Amino acid sequence: MNDTITLQIESLTHDGRGLARAHGDAISISGSAPAGGRASGRTRNRGTVVFVTGGLPGQTVRARITRRKSSFCEAEMLEVLQDAPRSAPPACTHHGDCGGCPLQTMPYDMQLQWKRRIALDAMSRIGGLDAGLVESLFTSVLPSPALKQYRNKMELAFAGSGTEGDPLILGLRRRNGRGVVSVPQCALLPAAARDIVRMAADLAAQSGLPAHTPRDQARYRQAPQEDTAHHGKPDGKGRRGSRPARRAPANSIAAAAMAAEAVQNNGFWRFLVLRRGLSADLRTPGWWALCITSPGSHEEQEKVRTVGQKLLQSFPALAGFIHEERASEDALAQGQKRIASLDRTGAHNPASARFWQPLGGRHFALDAASFFQVNTAAAQVLADTALGMLKRHVSQESPALLDLYCGVGAPGLLMADRCGRLLGLEQDAKAVALAQANAAAMGFTHCSYVAGDAAQRLDRLAPAHENYWHPTETWDAVLVDPPRAGLAPRALNALLRLNAHTILYVSCNPATLARDATRLRGAYRLVEMAAVDLFPHTPHVECLTLWQSL
Ligand SMILES: C[S@@+](CC[C@H](N)C(=O)[O-])C[C@H]1O[C@@H](n2cnc3c(N)ncnc32)[C@H](O)[C@@H]1O
């Protein structure tokens, strides 16, 4: 049985891995049975599917098999033996180690073509839509106006115990998913931000506190990981205490306490999230740093404050330093408790976490922890495309618009002057308050926002039983923009019960969009599909689908 194999990469998967096929006895799967021997009919004729991390279509690579399943294998690329017929020089010196921009050696026009292919395949294979129909509706992916330094937000992870052989670093997830790599020359980061990152890493190292390493995640069953820069070390050794992890008790309160204790004992520094935006005068650009740590003692919190104050002193472009703690034992770059919010003078000032992003000729107020599209210029393309679709298909005079998963109100508020009323639903209460403030600042009095889980809130808007006490409102159009997981079944059921004439479903994950499309197409017809590249050099693509009731 050979673990190293030569493969020709045929295509790209939605998660950015190369797809190859191994033929004959080239590899063994399912407990050493040769590929083609025990495999299904499909794999028997066409070879065993191998998903290759780091491999791109057209390349011939040497790869190591890392996992064998009954119908496919996983591998990691070791070396490119022959480049793809068309390739581009890497845009970043960290290409090869860093997992941030895996497509950067693919010419940009090809990146867009593959993204289109990924979305098309998902809609026909998973969504069950007619492939010819989707091909004819969805002709291209709209490019990002900027290909370098396009991000207004970077999530960097701390790693390392701070000991001699394992220094504390601040960087991005490694290409092979194992740990974090320092990226001092990252092509996504402008020079000013690189300097902030370098100094933050040095100051954190000087604190003497180790980075947090998620440990024993399965045992504590925390929230699933979404987009994050960090993957913990597999051995997960911590330095803040050396007690071994105990088995989680059945009692959930005790389990939560144990999870918090495990975090306490498993390192401190977690993430530095850098955000770029406009200060209160709406003209001065600046940076905001959100530092996420494990829960700490007063002394540890003071160390973070000192790091923040030194950064604010050294970088006039840094307008705020916010410290949040995360107690959950996972690798999400989201704080759960705000500890401090320092302004340029280094003093605690809650307003220092506020900044603004331009979109559609308006300004949206955000908190350092709020969601906003990370590529400002491409977000404009996305908003223009979304508004164009709604204008073409919402025929009512002053339509009632429901903005589901509305964040701080973008891009729904750009449609507000055409609407009779607008209601936004959003889980993050802080974002809801900001959406209300944004609507008020834009002079809209017919827009309201409600905080809560979309599924629960939708159930109230679309009662399952006729004698339900809550009055039913009708909605002409619904703008749906969920996180990567797509719509929960309960949310999808309630959305269908609303009977809105038009649904615009915006999605950052073609696979979950396609899954939800299987339900939508029972009551709606897909009339337009478009996509925008918000994340050049990555496999991600933002899709827009416009549905009209049958
Ligand atoms: C992709 S973002 C879209 C936000 C906004 N439309 C925009 O473009 O800025 C998804 C939003 O859904 C929110 N969210 C996540 N899960 C939710 C849930 N179960 N119920 C309501 N909102 C949720 C997130 O907080 C986030 O603001």
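The values are calculated or read from the model by the stated rules, or taken from the named source; none is laboratory data. In this text, all values refer to a predicted model and were calculated from it rather than measured experimentally. In this analysis, Cβ positions are derived from the backbone assuming ideal geometry, glycine residues included, and neighbour counts consider all displayed protein chains. Surface areas here come from the heavy atoms of the whole protein model, side chains and all, with no ligands, DNA or RNA. Shrake-Rupley method; radii C 1.70, N 1.55, O 1.52, S 1.80 Å.
General remarks:
- Options A379, A435, A410: the member that is farther than 20 Å from Q548 by Cα, within 8 Å of the ligand (Cβ to nearest atom) and open to solvent by less than 10 Å² (accessible area, probe 1.4 Å): A379
- Inter-residue pairs, beta-carbon under 7 Å, first of a type in the set (S, T, Y) and in the stretch 405-430, second in a helix (DSSP H, G or I) and near the ligand (Cβ under 6 Å from one of its atoms), 6+ apart: Y405/A454
- Test: residue in the stretch 117-135 that is under 30 Å from Q357 (Cβ atoms), free of Cβ contacts under 8 Å to residues at least 60 places away in the same chain and in a loop (DSSP other than H, G, I, E, B): no
- Checking each residue in the stretch 79-89 for being surrounded by fewer than 16 Cβ atoms within 10 Å (Cβ to Cβ) and touching a strand residue (DSSP E or B) at 6+ places or on another chain (Cβ under 6 Å) picks out E79, L81, Q82.
- Of the set (1) within 27 Å of R178 (Cα to Cα); (2) assigned to a helix (DSSP H, G or I); (3) open to solvent by 20 Å² or more (accessible area, probe 1.4 Å), all apply to Q111 but (3).
- Candidates in the stretch 382-398 are the residues that are away from the ligand (no atom under 14 Å from the Cβ) and of a type in the set (D, E, K, R); of these, the one that is surrounded by the fewest Cβ atoms within 10 Å (Cβ to Cβ) is E397.
- Which listed residue is open to solvent by 50 Å² or more (accessible area, probe 1.4 Å), at pLDDT 95 or above and out of contact with any His (no Cβ under 8 Å at 6 or more places or on another chain), from R198, R221: R198
- Selection count where residues are over 17 Å from L188 (Cα atoms) and modelled with pLDDT under 95, scope the stretch 140-159: 0
- Residue within the stretch 489-498 that is of a type in the set (S, T, N, Q) and open to solvent by less than 20 Å² (accessible area, probe 1.4 Å) present: no
- Residues being under 29 Å from K115 (Cα atoms) and at pLDDT 55 or above - total across the stretch 5-42: 19
- Residue that is nearest to the ligand (Cβ to nearest atom) [pool: residues in the stretch 350-369 that are open to solvent by less than 40 Å² (accessible area, probe 1.4 Å) and touching an Asp or Glu at 6+ places or on another chain (Cβ under 7 Å)]: A353
- Criterion applied to A416, A431 was being assigned to a helix (DSSP H, G or I), farther than 28 Å from Q334 by Cα and of a type in the set (A, V, I, L, M), and the one residue passing it is A416.
- In this structure, V527 does not satisfy being among the aliphatic types (A, V, I, L, M), buried (at least 24 other Cβ atoms within 10 Å of the Cβ) and out of contact with any Lys or Arg (no Cβ under 7 Å at 6 or more places or on another chain).
- Test for Y405: is it within 8 Å of the ligand (Cβ to nearest atom), among the hydroxyl-bearing types (S, T, Y) and either open to solvent by less than 10 Å² (accessible area, probe 1.4 Å) or in contact with a Leu (Cβ under 9 Å, 6 or more places away or on another chain) (or both): yes
- Every residue from the stretch 90-108 that is of a type in the set (A, V, I, L, M, F, W, C), in a loop (DSSP other than H, G, I, E, B) and open to solvent by less than 30 Å² (accessible area, probe 1.4 Å): C92, C101, L103, M106
- Index of the failed condition, V450 passing every other in (1) within 11 Å of the ligand (Cβ to nearest atom); (2) within 24 Å of F321 (Cα to Cα); (3) not in a helix (DSSP H, G or I): (2)
- Yes/no for A455 being assigned to a helix (DSSP H, G or I), near the ligand (Cβ under 10 Å from one of its atoms) and closer than 20 Å to R354 by Cβ: no
- Residues in the stretch 416-430 that are open to solvent by 10 Å² or more (accessible area, probe 1.4 Å) and either within 7 Å of the ligand (Cβ to nearest atom) or out of contact with any strand residue (DSSP E or B) (no Cβ under 6 Å at 6 or more places or on another chain) (or both): D417, R418, E426, Q427, D428.
- Pair list, Cβ under 6 Å, 6 or more apart: the stretch 351-367 residue part of a loop (DSSP other than H, G, I, E, B), other residue open to solvent by less than 10 Å² (accessible area, probe 1.4 Å): G360/A383
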